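A short worksheet on the structure shown next.
The values are calculated or read from the model by the stated rules, or taken from the named source; none is laboratory data. In this text, all values refer to a predicted model and were calculated from it rather than measured experimentally. We place every Cβ from the backbone using ideal geometry, glycine too, and count neighbours over all the protein chains shown. With ligands, DNA and RNA removed, areas are computed over all heavy atoms of the protein, side chains included. Shrake-Rupley method; radii C 1.70, N 1.55, O 1.52, S 1.80 Å.
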Amino acid sequence: MDWIIPNILYYLAVPFICYVFLCRYCGVQGKLWVGVGYLLLFYALQTYAYRFQLAQVIRLPMELLVLTLSGICTTRKQRVKSVTFSALILSVFQVCHGSLFFLTYYCMDRWLTGYTIALKYMDLIMWLILVVCLCLLLRWIEHYLIPYIPETEHVPLLILLVPVLFLSLTEKILEAKTYGSTMVWDTEAGLVFPVVDHLEVFCFQLMAGVCLFAVLAAFRWVLKTMQDAQTIQMLEQQTKLQRVYVEEARLRDAQTRAFRHDISNHLHVLGGFLHENQTERACQYLAHLEDMAESLRYPVHTNNATADVLLSSKLAAAEQQGIQVECMLDIPEHTTVSDMDWCILLSNAMDNAVFASAQMTEGTRSLVVSGKRKGNFYLLQIQNTCALADGAVPEEGIGLSNMRAVVQKYGGTLGIEVRQGIFYLEILLLISQP
């Protein structure tokens, strides 16, 4: 019994915990067949490594590969997240295992000499404490770090991969070189082999733990800095759009003031034509006035003045490039979505759509913008011709990142797809009343 429970904890509990937290970090639900497959592969790997005395430099990459493959099979697409989070989880396990290994040997060497019974249960106690510490640390990382990791950008994750891999490998090599796999116990002298300099090992384990927390803290700071930079970009874009809106509104207001200033003269001329029974000339003059009044209106009507200004400019630019445009957009007047957020969504989406459609040959360029409310949700759809192959996903730039930030702000989703030469962008927003 004194060896069965530690083996159960090592071969079942530890890999189970690692797989569960890998799924939680990736934001997916675990799959039973993948979890069972990982447990079997983990057991086979450890048996093979013990039998053939594999070096730790080979053993660690194999453990990382097995856990990563289980993550990829579960998430299907999140390869970078799977390998990075697998390395992080293994690093946490190695730090916990190394620290508790040191405490176990230290207690047996200094305090438990002569107590043979302690030899039976120290291993069991160590593994029970290890499982608890591993769960607590991984749970803490889930709250401390994971919420700051972006959904789509993979470069920041690669920054974390290198230090945690190095830390895991260092812990494994130190453990193998210091403690090995053999222990000699004398009933009177206590622990005879291995002979360990506890002070050196303590300093190393202390620094290993400090390094792990320092790496996580630095990585979290990098992620927050990137988020702040993205927020600054969004604010700059909002400021730019606000200037365009204000300038457009100022010009429209000037034209309206001029028209209102001259309306009395226009009415006087129109009355003169009617007084002299020049009906035809009066109708022509009235049609001219209607054209003037129509020119003061925005060609796009969405029930949102800011969106009207923006879309009028974007669609006019699209038509100048020979793109056939169609707009069926209806924005509710009173929602929690701010005008600036509408501008960020529409301006970036329209810029990308116009650019992609302009690359096509003349006569095949088209752009359709539509949007409607469904209960507390708003569905915005933009379709445009493009040169991408079916199933291809364009490289994500600043514009799409800003759009995702706005969508996440309102608890929505953003989906992109290419089918038969048409790029589909769908944005779903939670658009409850303020």
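Counting only heavy atoms of protein chains, what accessible area per residue, in Å², does the range 302-411 have with a probe of 1.4 Å?
Details: 5140 Å² over 110 residues.
About 47 Å² of surface per residue is accessible.
If you take the Cα centroid of the range 2-75 and the Cα centroid of the range 358-404, the two points sit 42 Å apart. Simple spin-label estimate for VAL80 and THR47 gives 3.8 nm between the two label positions (7 Å along the Cα-to-Cβ direction from each Cα).
For THR239 and ARG281, FRET efficiency with R0 = 56 Å and r from the beta-carbon atoms, rounded to 0.05?
Values: r = 50 Å, r/R0 = 0.89.
The value I calculate is 0.65.
When peptides 338-346, 127-135 are sorted by average Cβ neighbour count within 10 Å, with the highest value leading, the order is 338-346, 127-135.
Could you calculate the FRET efficiency of TYR121 with TYR11 from 1/(1 + (r/R0)^6), where r is the beta carbon distance between them and R0 is 22 Å, rounded to 0.05? Let's see the in-between values first.
On the way: r = 19 Å, r/R0 = 0.87.
According to the calculation, E is roughly 0.70.
The calculated FRET efficiency for ALA55 paired with MET226, based on their beta-carbon distance and R0 = 30 Å, is about 0.20. With both labels modelled 7 Å from their Cα along Cα-to-Cβ, the LEU136 to ILE159 distance reads 3.0 nm. Working ranking of peptides 28-41, 85-98 by packing, defined as the average number of other Cβ atoms within 10 Å per residue, highest first, is 85-98, 28-41. For the pair ILE422 and LEU388 in one chain, pulling the backbone fully straight at 0.36 nm per residue adds 11.4 nm over the alpha carbon distance. Here the extension length gained between HIS334 and LEU379 equals 14.6 nm, from 0.36 nm per residue of separation less the Cα-Cα distance. For the residue pairs LYS77/LYS372; LYS240/LYS372; LYS372/LYS409; LYS240/LYS374; LYS81/LYS224; LYS31/LYS172, the C-alpha atoms sit more than 21 angstrom apart in LYS77/LYS372; LYS240/LYS372; LYS240/LYS374; LYS31/LYS172. Could you work out the Rg to Rh ratio of the range 300-384, with Rh taken as the Kirkwood radius (inverse of the mean 1/r over all Cα pairs)? With Rh from the inverse mean 1/r over Cα pairs, Rg/Rh is 0.98. Across the range 339-434, counting alpha-carbon atoms alone, Rg and Dmax equal 13.6, 45 Å. Distance between the modelled labels on LYS409 and PHE355, one decimal in nanometres: 2.1 nm (7 Å Cα→Cβ projection).
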